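Engineer: Got a structure here, written out as structure tokens. Questions coming.
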Amino acid sequence: MEIKTFGVIGAGQMGNGISQVAAMNGLQVIMNDISREFVDRGVNTIEKILSRSVDRGKLDAEEKEAILGRIQTSTDIKDMADADFVVEAATENESLKFGIFKNLDKTCKPGAILATNTSSIPIGRIAAQTGRPDKVIGMHFMNPVPVMKLVEVIRGLATSDETFNTTWALSEQFGKTPAEASDYPGFIANRILLPMINEAVYCLYHGVGTRESVDTVMKLGMNHPMGPLALADLIGLDTCLAIMETLYEGFKDSKYRPCPLLRKYVEAGWLGKKTGRGFYEY
């Protein structure tokens, strides 16, 4: 299946990154969000990243303008009617995603593939909100999208081979390395990563070490590029909590219970880098 027009629902950190990568690889992109403010902020983020690439000699000015020219902005989901492939990259909230997929199913042409960038919610549950479960798939990009090479590709119970193969090929077209994961809560990446982050928060909660000590041990002792608490701030503590709650609900296993300190920070509005305060101050 040939993909020419690529839709993205969400212009935030993940959505604008996915839009940038798609536009850089020649696709016509429709980047949608609920308000003009959010969409404009997403475009400004892409423009700044591309400008830095121009300054470093990795991209010329004409290429930058061509990439930006391939990105159409939208605040109406009906603009996705012409898209061949749509990736939803909204907040990690099950009811929100269900509503988006119901609307996309009504709006998009029958052959369009509907993918979700969810990091934890089962694909089959999302696919059941549509009349085309065979064309629904998980396409989980890593943050920051333009830099990170991995895409988890997750097929639901009803996902067709054509949908899977198209998504796999599209990931490779984007210069990514796809990895197949089965449809369990958290898939592979976050089933491993988020319990580690949650345990790091427990270490801080129990006074086992300071935030700096916890992160230093993991960086220098385990050769991680950044510590788990700093990484949680980058991901967003609200997203971390949502994923842990999905794991806990999905497996009914106490090892996935979110740390009370993580919940406390989220309730206080300390969500990480995006709010200027998380485990660290920004």
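The values are calculated or read from the model by the stated rules, or taken from the named source; none is laboratory data. What you see is a predicted model, and the numbers here were worked out from it, not measured in a lab. When we count neighbours, we look across all protein chains shown, and the Cβ atoms used for this are built from the backbone with ideal geometry, even at glycine.
Engineer: Looking at Lys48, Lys106, Lys97, Lys78 in this structure, which one is within 19 Å of the chain's Cα centre (by Cα) and assigned by TED's automatic domain parsing to the domain that holds Met24?
Structural biologist: Residue meeting the stated conditions: Lys97.
Engineer: Inspect all residues belonging to the range 197-212 and state whether any of them is touching a Lys or Arg at 6+ places or on another chain (Cβ under 9 Å), closer than 30 Å to Glu2 by Cα, buried (at least 17 other Cβ atoms within 10 Å of the Cβ) and at pLDDT 95 or above.
Structural biologist: No; the residues of the range 197-212 include none that is touching a Lys or Arg at 6+ places or on another chain (Cβ under 9 Å), closer than 30 Å to Glu2 by Cα, buried (at least 17 other Cβ atoms within 10 Å of the Cβ) and at pLDDT 95 or above.
Engineer: If you don't mind, there's one more thing I want to ask. Please determine whether any residue of the range 20-33 is in contact (Cβ under 8 Å) with a residue 60 or more places away in the chain, within 11 Å of Ile71 (Cα to Cα), assigned to a helix (DSSP H, G or I) and of a type in the set (Gly, Ala, Ser).
Structural biologist: yes
Engineer: Test Val43 against the stated conditions and say whether it is surrounded by fewer than 22 Cβ atoms within 10 Å (Cβ to Cβ), within 23 Å of Leu170 (Cα to Cα) and not assigned by TED's automatic domain parsing to the domain that holds Leu237.
Structural biologist: The answer is yes for Val43.
Engineer: Further question: Which one is surrounded by the fewest Cβ atoms within 10 Å (Cβ to Cβ), of the residues in the range 165-196 that are in a loop (DSSP other than H, G, I, E, B) and in contact with a Gly (Cβ under 8 Å, 6 or more places away or on another chain)?
Structural biologist: Applying the filter and picking the extreme gives Tyr184.
Engineer: Tell me yes or no: at least one residue of the range 53-69 is at pLDDT 95 or above, polar (S, T, N, Q) and surrounded by fewer than 22 Cβ atoms within 10 Å (Cβ to Cβ).
Structural biologist: Among the residues of the range 53-69, at least one is at pLDDT 95 or above, polar (S, T, N, Q) and surrounded by fewer than 22 Cβ atoms within 10 Å (Cβ to Cβ), which makes the answer yes.
Engineer: Also, I was wondering about something else. Which pairs have Cβ atoms under 9 Å, sit 6 or more apart or on different chains, and link a residue in the range 238-262 that is at pLDDT 95 or above and of a type in the set (Phe, Trp, Tyr) to one that is surrounded by 21 or more Cβ atoms within 10 Å (Cβ to Cβ) and in a helix (DSSP H, G or I)?
Structural biologist: Within 9 Å, the pairs are Tyr248/Tyr256; Tyr256/Leu194; Tyr256/Asn198; Tyr256/Met244; Tyr256/Thr246; Tyr256/Leu247.
Engineer: Is it true that some residue in the range 111-129 is surrounded by fewer than 17 Cβ atoms within 10 Å (Cβ to Cβ), touching a residue at least 12 places away in the same chain (Cβ under 8 Å) and in a loop (DSSP other than H, G, I, E, B)?
Structural biologist: For the range 111-129, residues surrounded by fewer than 17 Cβ atoms within 10 Å (Cβ to Cβ), touching a residue at least 12 places away in the same chain (Cβ under 8 Å) and in a loop (DSSP other than H, G, I, E, B): present.
Engineer: Right, something else. If Val43 meets every condition in (1) in a helix (DSSP H, G or I); (2) in contact with a strand residue (DSSP E or B) (Cβ under 9 Å, 6 or more places away or on another chain); (3) within 19 Å of Leu104 (Cβ to Cβ) apart from one, which number is that one?
Structural biologist: In the conditions (1) in a helix (DSSP H, G or I); (2) in contact with a strand residue (DSSP E or B) (Cβ under 9 Å, 6 or more places away or on another chain); (3) within 19 Å of Leu104 (Cβ to Cβ), Val43 misses (3) alone.
Engineer: Test each condition in (1) within 22 Å of Leu271 (Cβ to Cβ); (2) in contact with a helix residue (DSSP H, G or I) (Cβ under 6 Å, 6 or more places away or on another chain) for Phe6 and report the one that comes out false.
Structural biologist: (1)
Engineer: Moving on. Only one of these conditions is not met by Ser95: (1) free of Cβ contacts under 8 Å to residues at least 60 places away in the same chain; (2) outside any helix (DSSP H, G or I); (3) surrounded by fewer than 16 Cβ atoms within 10 Å (Cβ to Cβ). Which number is it?
Structural biologist: So the condition that Ser95 fails would be (2).
Engineer: Take Lys219 and decide whether it is among the charged types (D, E, K, R), touching a residue at least 12 places away in the same chain (Cβ under 8 Å) and not assigned by TED's automatic domain parsing to the domain that holds Gly17.
Structural biologist: On the way: among the charged types (D, E, K, R): yes; touching a residue at least 12 places away in the same chain (Cβ under 8 Å): no; not assigned by TED's automatic domain parsing to the domain that holds Gly17: yes.
Here the answer is no, as Lys219 does not meet what is asked.
Engineer: Within the bounds of the range 169-185, is there any residue that is within 18 Å of Ile235 (Cβ to Cβ) and touching a helix residue (DSSP H, G or I) at 6+ places or on another chain (Cβ under 6 Å)?
Structural biologist: Within the range 169-185 (the criterion being within 18 Å of Ile235 (Cβ to Cβ) and touching a helix residue (DSSP H, G or I) at 6+ places or on another chain (Cβ under 6 Å)), the answer is yes, since at least one residue qualifies.
Engineer: Checking Gln20 against (1) surrounded by fewer than 24 Cβ atoms within 10 Å (Cβ to Cβ); (2) touching a strand residue (DSSP E or B) at 6+ places or on another chain (Cβ under 9 Å), which test does it fail?
Structural biologist: The single condition Gln20 does not satisfy is (1).
Engineer: Hey, another quick one. Among the candidates Phe6, Phe38, single out the residue that is at pLDDT 95 or above, in a strand (DSSP E or B), among the hydrophobic types (A, V, I, L, M, F, W, C) and at negative phi.
Structural biologist: Phe6
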